[in-house]
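Each reported figure results from applying straightforward, stated rules to the coordinates on display, with no laboratory input. It should be emphasised that the depicted structure is a prediction, and the values quoted were computed from it without experimental measurement. Ideal geometry is used to build each Cβ from the backbone, glycine not excepted, and the neighbour counts take in all protein chains shown.
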């Protein structure tokens, strides 16, 4: 059934070129247009947090574009993987840029997603009827971490090889079906070419398809339920119905685009100034090099498992650690169903504060494990704490005791950061 | 004939008892730290030569079974009478003097033939070790030791020189370990120590000479400080040479003046072949200089370095090609060649160093330079090859090797510099790309400011 454009129900036809008209008639773009013109974004203190989702989407698109370009030259076999990545870096025009952009955008994406998850939790955007939106979001978070884990091995370099060996060994510690899961992950008892092949298949086929499905569901649900407004903001502005808002197109979209361009500039700077290292080719028969570590977003788990004693009570330390992280992940997933009232909410907030603090400290410790790196550790801890505490500012009212306390803690963090930087520079 | 079940049971019980008895006896012997005796009770040698033997006395030589336990001959199943002859059975025993089959050992000069009884017999050795050589005895008599022993017997009214080494001085007598046993005195790491028992003994070596030159007793100490001893004893490289690798095993003898290069060439084959074709070799032979040892020394051979080449004070060329005091007919043209070769070597080393520095700089900046770094190895190979070519004593072959290296360093340096330029280029590219990005961001922000504000429209979740 063809859809004729009604001059009175849409933008004037004389403003459009013929191609637009052609598409309009055949694809029913007027429905989308109508949707876009109706969609509005609430304006309040936490509105900037809405840009995080768009920025994550933009970085994901960069991942797809650069990933497709890399797959043209990448060869997923132990004999050729490292050499092909080296060729991409040295022989292919702008190959270095594509690889660095892919690696950096992957890390930025996980960082943005973590902030998105945290601000969504702070704003309690998981409330009814958005429980499924939260579930798809947490699943996407897990999926992107799996993207990172599988992609880390693909260059087949020494660091990635041994980090994957350690990482998959942790999977093997899961009680009950750990050994089967280990075999499934590695494609055998050891990390070999079979592991590389299945990691590649997961990275370029399984995970992207799963992401498209989950992301589609997530975006549909966001569209269906609209932007969530924090209770405090709705109350402050006299109820949800009285909230000021702006049209999604062009007001919010243009602001989103500013963020995308800033991310693009940051990505270009990181790729050009800090090219992603390739390291040495993996030698499966060699001994593990010093300082192997996974991607930064797995560091907190890696460091915790390193610190755990061999036995915690009657159980193996690693098993306890793996179970604890699995349980924590489950709690994060089920937050919308655990938040049953002010008491459980308070308990969840305490747990979330502890979890974020734990994540920050363990990540800093894992990043700078040497005993003489304590100043660097403090720098990273205070920097991450500053970022997280800044996210809390929009949730507090001006001239209140809580805002003043928060500002005090922020100032203290900044002071510690400056002192640690100064100490490190003077050494 | 069929047996009844009762008979079968009795037979089985008897067998089990016999087995248990044997096992118990073996277990008892082992629990007391004793091995089960390999000799029959009526073994004639035990009667006199074991301390608990019936006829043993203080003057009788002792050969206990325990001493022989790890002896290679004993392990192969050979017993006293297989080496010493005579009858092993008490019933057939004859006094040694009256038994023509008994092999008497009256002096060290008898030992080579005593061991050679088996070790020179192809038929005998084939039974135990088909690939074993059988010329050790013959070789021994051609060695410095053998010749001295023979001469002493012939010249001193049949009185052998008892200080001269024979088979047992190196291998031991009873309790001879296999040569590949790490505890054997002739295992590579112990050879020098074994030789040093005699050759480092000042008293024993006093007055002894070879080709009218005193033997001296400093060889072991000198070798211990050599690059070869370090490789063997500190680095565990068992292919590193010890005494027997240059002097021979059973035919041990210092290599002659003209044979030194052949001894060194056993391992340093490439250098030996270059030296063999060099005119310098003939010059050395003509004036009686001992080839390689002339520059590198004999026992105290240290790690060679480029400083040995040229006309500087540390160089060895200057020893003969000294313009003020030339020796052995050494020429000034030779001095010039040495100087040129050294300068060229230094040039390649400098170029390698420059290329390495450029590659390191690129690495420090996080750039990918695996390729140039890998190729730089070829320059090191060329340098090694050039150092080898020094032994032709001609600048020509050395130049050819150096030129290959210089080509590699030039190529590596160019590629590393390209990578450094890439690094700068990326920054320029970044600056150029940031300009339009920031421009678009600025324009967007300006455009956003022009958009009509639409507050108070009301928002419905």
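Computed per residue of chain A from DSSP H runs no shorter than four, each worth -39500 (n - 2.57), the mean residue ellipticity at 222 nm is -22000 deg cm²/dmol. When the helices of chain B are scored as -39500 (n - 2.57) per DSSP H run of n ≥ 4 and the total is divided over every residue, the value at 222 nm lands at -17000 deg cm²/dmol.
Counting beta carbons within 10 Å around each of A:198, B:213 and listing the fewest first gives the order B:213, A:198. Angle check, please: helix B:370-389 long axis (alpha carbons) against the longest principal axis of chain B (alpha carbons), in degrees 0 to 90, nearest 10. Around 50 degrees separate the two axes. Exposure proxy ranking for B:282, A:373, based on other Cβ atoms within 10 angstrom of each Cβ and starting from the fewest, stands as B:282, A:373. Across the stretch A:44-154, the convex hull enclosing all Cα atoms gives 98 Å³ per residue. Between rounded, prolate and oblate, where does chain A land on the alpha carbon gyration tensor, with a ≥ b ≥ c its root eigenvalues, rounded for a/c under 1.5, else prolate if a/b exceeds b/c? Verdict is oblate for chain A.
Could you tell me how many degrees, from 0 to 90 and to the nearest 10, lie between the Cα long axis of helix B:5-31 and the main elongation axis, the longest principal axis, of the Cα atoms of chain B? Taking the Cα atoms of chain B, the angle to B:5-31 is about 70 degrees. Peptide A:273-282 is shielded by partner chain Cβ atoms: per residue, an average of 3 of them sit within 10 Å of its Cβ. Mind giving me the FRET efficiency for residue A:290 and residue B:87? R0 is 60 Å, r the Cβ-Cβ distance, nearest 0.05 is fine. Approximately 0.30, to the nearest 0.05. The C-alpha atoms of chain B define a longest principal axis, and helix B:332-364 lies at about 60 degrees to it.
Under the definition of Cα pairs under 8 Å and six or more residues apart, what whole-number percent is the relative contact order of chain B? Provide the component values of the computation, followed by the final result.
Values: 478 pairs, mean separation 35.4, N = 461.
Relative contact order for chain B comes out at 8 percent.
Volume per residue for the stretch A:328-400 equals 117 cubic angstrom (convex hull of Cα atoms).
Take chain A, connect every pair of alpha-carbon atoms lying under 10 Å apart with a spring to form a Gaussian network, then pick out the residue of A:117, A:406, A:108 with the largest mean-square fluctuation. Among A:117, A:406, A:108, the largest GNM mean-square fluctuation belongs to A:406.
Over chain A, what is the relative contact order in whole percent, taking alpha-carbon pairs under 8 Å and six or more residues apart?
On the way: 403 pairs, mean separation 84.0, N = 427.
Answer for chain A is 20 percent.
Between residue B:350 and residue A:73, the modelled label-to-label distance comes to 3.8 nm, taking each label 7 Å out from Cα in the direction of the beta carbon.
Calculation over all alpha carbon pairs of the stretch A:104-178 in 10 angstrom steps from 0 returns a P(r) of 17, 34, 30, 17, 2 percent. The tail of the calculated P(r) for the stretch B:236-281 beyond 18 Å holds 33 percent of all Cα-Cα pairs.
For residue A:209 and residue A:411 in the same chain, what is the full-extension length gain: residue separation times 0.36 nm, less their Cα-Cα distance, in nm? Let's see the in-between values first.
Working: separation 202, 0.36 × 202 = 72.72 nm, distance 4.50 nm.
Extending this stretch completely gives an extra 68.2 nm.
Normalising by the residue count of the stretch A:302-427, find the relative contact order in percent from Cα pairs under 8 Å and 6+ residues apart. The value is 20 percent. What shape does chain B take by its C-alpha gyration tensor, where a ≥ b ≥ c are the square roots of the eigenvalues and a/c under 1.5 counts as rounded, a/b above b/c as prolate, and the rest as oblate? Oblate shape, in that a/c is at least 1.5 and b/c is the bigger or equal ratio.
Most exposed first by the Cβ proxy, i.e. fewest other Cβ within 10 Å, how do B:223, B:74 rank? Before the final figure, lay out the partial values.
Working: B:223 23, B:74 19.
In order of increasing Cβ crowding within 10 Å: B:74, B:223.
Is the C-alpha gyration tensor of the stretch B:314-406 telling us rounded, prolate or oblate? Criteria: a/c under 1.5 is rounded; beyond that, a/b larger than b/c is prolate, otherwise oblate.
Numbers: a/c = 4.37, a/b = 2.80, b/c = 1.56.
Judged from the Cα gyration tensor, the stretch B:314-406 comes out prolate (a/c at least 1.5, a/b above b/c).
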